[in-house]
Amino acid sequence: MSEVAPDNWQDAVTRRLRTLVRLGPLHRIEAVKVHRDDDLEGIDLRALCLRALDLTIERMGLGTGMTHDELCDELEPIVGRMRPDLSPAERRGVAEAAVLDLLNERDRRREFRERYAAFDGERVVHREICLRLLRESELGDGTIVLKATTEAINIYAGMLEYPVEDAQIAEEAVLRSQIHRGLIADAVKTAQRYRMRSIEYEQKIQAYLETARRDVTQVDWIHEVLAFLAGARAHLEDRQRHDHDLLRSIEDRLDAAGDSDAGALARLRDTVEECYRRHMQLHGRIIPANQDYLREQDRQVFRPRLAASYPDLEADVLRTALELPAGALAALADGLLARFQPPRPPPQLRLCTLIDKLLAPRRASDDTEVAPELADLETVDATRTYFTADDHAVVEDLLTSLPPQELLLSTWFAELRADGVEARLLRLLGLRLLALFGNPDDPLARRYSIRSSGRQFIDPDFSGDDLVLLRKVPTP
Amino acid sequence: MTPFHFETIESAARLVAFGLTPGLKPAREPAYAQLIERYRTDPTMRHCTDAVARGLHLAVLGFTPQGVVLGANEDGPFVHKLADYRRTTLSVEDRMCHGLVQLAIAAWCFPAAQDLAASDDSAGLRFSTNKVVAYVVRLSEELQRRSQHDPELGSPELREAWRAVLQRPETRATPDGRRAASTLHGMVEYALEVLEKGSLVRRLSDDDGGTWQALAAYRIHVRELAAHDAFTLVQSVRPARDAAAQE
């Protein structure tokens with residue numbers, strides 16, 4: 001183990017404290033559940049979170065990963081066992097809450113921050129550990145899968161304060177000893193931890209290479225990264241050699257094993273083989289890393305970059321913008337849109353396609369309703385845009401109460417307006433009359449005679465010919 | 001000067017075209033995946049692609065497992081201008097709000113510098129349209145509480161943006177039950193729909209006024225193209241405001 005044994009109580013306390021505070025996020029998730037809107041009495045969110053990590057790490061080992069929905073599907077029955085009285089929707093809600101808490105969704109997926117007091121000689125200094133537990137990773141086909149971080153695997157595997165490399169060496173030594181002594185059932189359990197360590201190491205290497213690749217200016221390649229790569233290469237070569245030895249010992253035992261041990265030994269062989277393959281693939285990624293770096297450096301030298309650090313969008317940009325005069329900010333709208341929106345390929349006119357479309361025979365309509373584009377909907381004066389059932393009833397009353405004599409539309413409208421009838425109702429009345437005038441088959445139309453007077457109708461809402469209305473008296 | 005082979009130029013242009021095709025994923029289009037790998041490993045291809053993009057007033061901002069992330073230059077044919085974005089006539093307050101909504105969505109997803117530094121395959125947070133609206137309103141209300149100025153001071157254009165935000169309805173239904181486009185909600189939703197078309201966010205459900213997830217491409221876009229420029233743009237207007245306040 002590379003961990004130096006603490007030679008004084010200060011180091012020992014600080015080391016144990018760091019181990020303790022890494023579990024802080026899980027304890028806090030459980031502690032704050034009383035403040036939630038949901039009834040979580042009897043639900044142990046820590047247990048759900050640990051099972052969620054377990055399932056995620058398991059799938060990572062298979063090289064696939066688990067989507068948010070798949071993980072919730074797995075957690076739902078566990079919630080049901082904790083609280084059988086919850087409805088399926090409520091169980092789902094609790095399962096989702098546990099996954100979102102592990103992502104720290106409440107705090108917009110920032111890192112969990114745990115403060116602790118460290119002893120630096122005689123002084124006490126306050127330090128902070130930042131960690132993530134789960135993250136969502138995008139795949140090439142558009143799916144998004146969950147991945148446990150190295151810190152989460154570390155928590156789950158229970159060796160908190162040891163570097164993953166040392167933990168791997170330790171697990172492997174135990175594994176070798178157990179195989180040698182024929183403790184196959186124990187060896188299977190140790191192999192699971194060894195496998196988890198190999199996944200953790202893979203995550204560590206990938207995260208390191210990603211950081212180095214993304215911004216070559218932020219890493220000291222010669223002193224730091226090359227040393228890291230050399231160490232990783234040696235470690236992986238060692239792992240492959242030892243994995244190979246372990247596999248040979250397992251095969252030897254398998255040849256001589258009885259039926260009782262054969263199944264366990266086969267599982268053991270599969271697990272160690274998986275680790276061996278993972279170490280081999282990682283080794284394959286480490287070898288060309290230096291060449292990758294040189295290419296990235298070459299590329300990034302020419303990339304326009306104003307500064308190495310990014311602004312805080314909330315504190316430095318959005319808050320400042322809210323305090324700007326509205327006119328000044330409006331003048332920036334085009335500039336902001338240009339930068340925050342994705343490129344928009346302009347539609348190109350292809351003449352022959354256009355002509356083909358114009359000359360094509362008219363297609364039969366499939367009668368499906370086309371929804372108008374929401375984006376361009378604007379609310380206009382709401383008092384003029386629609387009529388209620390009451391409005392229609394009032395207009396019907398007006399029409400049926402018309403005296404059975406010829407009446408000029410303009411006269412009638414003037415009377416109604418003088419009586420204080422609302423403009424909206426007059427508008428509906430006008431529309432209704434127009435509908436009657438244009439549709440003699442309307443049942444109501446048959447009860448009126450409507451003809452043009454030849455004079456012009458002048459009204460704020462309508463223009464056209466003035467109409468002469470006559471309500472026909474029904475013949476007995 | 002390295003002479004480019006015609007095949008390389010064509011491949012570079014195809015990679016840019018793939019990047020401009022909404023919804024296209026390398027896992028579903030092997031030629032796309034091959035060109036990305038070629039860009040990563042072949043310096044000639046990389047220089048050529050960057051040059052083709054530059055000529056089109058575009059920039060290769062980065063890659064995610066879901067494809068190449070392109071950004072448009074302000075003076076090029078691919079840029080989203082307010083006139084294309086909203087075809088209706090916009091008042092000063094409308095224009096201001098549309099610009100602010102862009103900032104608010106990005107700031108909600110990546111509030112601090114370290115949120116922009118997450119790895120390029122990490123999907124971003126899940127959020128709802130309502131949350132973004134509530135966020136802008138909450139920040140505006142904080143500024144209102146701190147403000148000592150007379151709210152009626154000066155013309156509408158000279159008043160602070162947060163006052164216009166608080167005066168604007170958050171949401172309002174149109175007669176057919178839809179949300180009016182001129183409300184904060186309508187503006188945020190529209191902006192997110194455009195981001196979705198460009199594969200920068202994905203829609204998850206209709207819950208809480210529409211729920212969304214920021215994608216890695218959005219983080220790269222904001223980090224490589226928008227964050228610094230937005231900071232510079234906003235800061236560039238500050239002295240003018242301070243000068244006006246002193247007069």
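Each value in this text was obtained by applying a stated rule to the coordinates, not by laboratory testing. Predicted, not measured: the structure shown is a model, and the values here were computed from it. Note that we place each Cβ from the backbone using ideal geometry, even for glycine, and neighbour counts take in every protein chain shown.
Region A:194-260: D in µm²/s via Stokes-Einstein (Kirkwood Rh, Cα pairs, 10 °C, 1.306 mPa s)?
Details: Rh = 14.5 Å.
D = 109 µm²/s.
Return the long-range amide H neighbours of A:L467 (sequence gap of 5 or more, or a different chain), with a cut-off of under 5 Å between placed amide H atoms.
A:L409, A:S410, A:S453
How many nm separate the modelled label positions at A:R113 and B:A51, each set 7 Å beyond the Cα in the direction of the Cβ?
Label-label distance for A:R113 and B:A51, simple model: 4.7 nm.
What relative contact order, as a whole-number percentage, does chain A give when Cα pairs under 8 Å and 6 or more residues apart are counted? It would help to have the intermediate numbers written out before the result.
On the way: 416 pairs, mean separation 44.5, N = 476.
This gives 9 percent for chain A.
Can you list the HN-Hα couplings for region A:245-257, worked out from phi with the Karplus curve (6.51, -1.76, 1.60; θ = phi - 60°), rounded to whole Hz and with x for Gly and Pro?
4, 4, 4, 5, 5, 5, 4, 4, 5, 5, 4, 9, 7
What aspartates and glutamates does A:K204 reach when the alpha-carbon gap must be under 13 Å and sequence neighbours fewer than 8 apart in one chain are set aside?
A:E151, A:E165
Which order, highest average first, do B:25-32, A:105-112, B:222-229, A:53-60 follow once you tally other Cβ atoms within 10 Å for each residue and take the mean per peptide? Numbers along the way, then the final one.
Values: B:25-32: 16.0, A:105-112: 17.6, B:222-229: 22.8, A:53-60: 19.8.
Descending packing order for the listed peptides: B:222-229, A:53-60, A:105-112, B:25-32.
Pop out the ³J(HN,Hα) list for region A:103-110 in order, Karplus 6.51 cos²θ - 1.76 cosθ + 1.60 with θ = phi - 60°, rounded to Hz; leave Gly and Pro as x.
Going residue by residue, I get 7, 6, 4, 4, 9, 6, 6, 6 Hz, with x marking Gly and Pro.
Kindly identify region B:6-72 as rounded, prolate or oblate by the Cα gyration tensor criterion: order the square roots of the eigenvalues as a ≥ b ≥ c, call it rounded if a/c is under 1.5, otherwise compare a/b with b/c, prolate if a/b is larger, else oblate.
Oblate, because a/c is 1.5 or more while a/b does not exceed b/c.
Hey, got the average number of other protein chain Cβ atoms within 10 angstrom for residues in B:15-27?
Numbers: counts 0, 1, 1, 0, 2, 4, 1, 3, 1, 1, 6, 3, 5.
Per residue, the average neighbour count from other chains is 2.
Taking amide H positions as placed 1.01 Å from N in the peptide plane, with prolines and chain starts having none, which residues 5 or more places from A:S137, or on another chain, fall under 5 Å of its amide H?
A:V145, A:L146, A:K147, B:A123
By how many nm would the segment from A:D356 to A:L470 grow when fully extended, if each residue of separation counts as 0.36 nm and the alpha-carbon distance is taken off?
That pair, A:D356 and A:L470, stretches by 35.7 nm at full extension.
List, in order, the whole-Hz ³J(HN,Hα) value for each residue of region A:270-283 obtained from phi through the Karplus relation with A = 6.51, B = -1.76, C = 1.60 and θ = phi - 60°; use x for Gly and Pro.
Per residue, the Karplus-derived 3J(HN,Hα) values read 4, 5, 5, 5, 4, 5, 4, 5, 4, 5, 5, 5, 5, 4 Hz.
What is region A:385-471 by shape, rounded, prolate or oblate, if you read a ≥ b ≥ c off the alpha carbon gyration tensor as root eigenvalues and call it rounded for a/c under 1.5, prolate for a/b larger than b/c, and oblate otherwise?
rounded
I'd like the Kirkwood hydrodynamic radius of chain B, using the inverse of the mean 1/r over distinct C-alpha pairs, in Å.
By the Kirkwood definition, the hydrodynamic radius is 20.2 Å.
If r is the Cβ-Cβ distance from A:E70 to A:A234 and R0 is 45 Å, what FRET efficiency results, to the nearest 0.05?
With R0 = 45 Å, the Cβ-Cβ based efficiency is 0.75.
Provide the gained length on full extension for the span A:A266 to A:E422, in nm with one decimal, where the gain is 0.36 nm per separating residue minus the Cα-Cα distance.
Between A:A266 and A:E422, full extension yields 47.4 nm more.
Can you tell me the Rg and Dmax of the protein assembly as shown, counting just the alpha carbons, in angstroms?
33.9, 117
Report, in deg cm²/dmol and to the nearest 500, the calculated mean residue ellipticity at 222 nm for the protein assembly as shown, where each DSSP H run with n ≥ 4 adds -39500 (n - 2.57) and the sum is divided by the residue count.
That comes out to -17500 deg cm²/dmol.
What's the local net charge at B:A17, with K and R +1, D and E -1, over the other residues with C-beta under 13 Å away?
Once positives and negatives cancel, what remains is -1.
Determine which lysines satisfy two conditions relative to A:K189: a Cα distance under 17 Å, and not lying fewer than 8 residues away in the same chain.
Cross-link targets: none qualify.
State the three equivalent ellipsoid semi-axes of region A:9-157, derived from the C-alpha gyration tensor as the square roots of 5 times its eigenvalues, in descending order and whole Å.
Equivalent ellipsoid of region A:9-157: 30, 20, 13 Å, largest first.
Just checking the output field for A:106-112: average partner chain Cβ neighbours within 10 Å of each residue's Cβ? The partial results should precede the final answer.
Numbers: counts 1, 2, 12, 11, 6, 3, 0.
The per-residue average across the peptide is 5.
May I ask you to list the lysines whose Cα is less than 24 Å away from that of B:K25, ignoring any residue fewer than eight positions away on the same chain?
Partners within reach: A:K147, B:K197.
Could you sort B:38-50, A:397-409, B:183-195 so that the peptide with the highest average Cβ count within 10 Å comes first and the rest follow in order?
In decreasing order of mean packing, B:38-50, A:397-409, B:183-195 become B:183-195, B:38-50, A:397-409.
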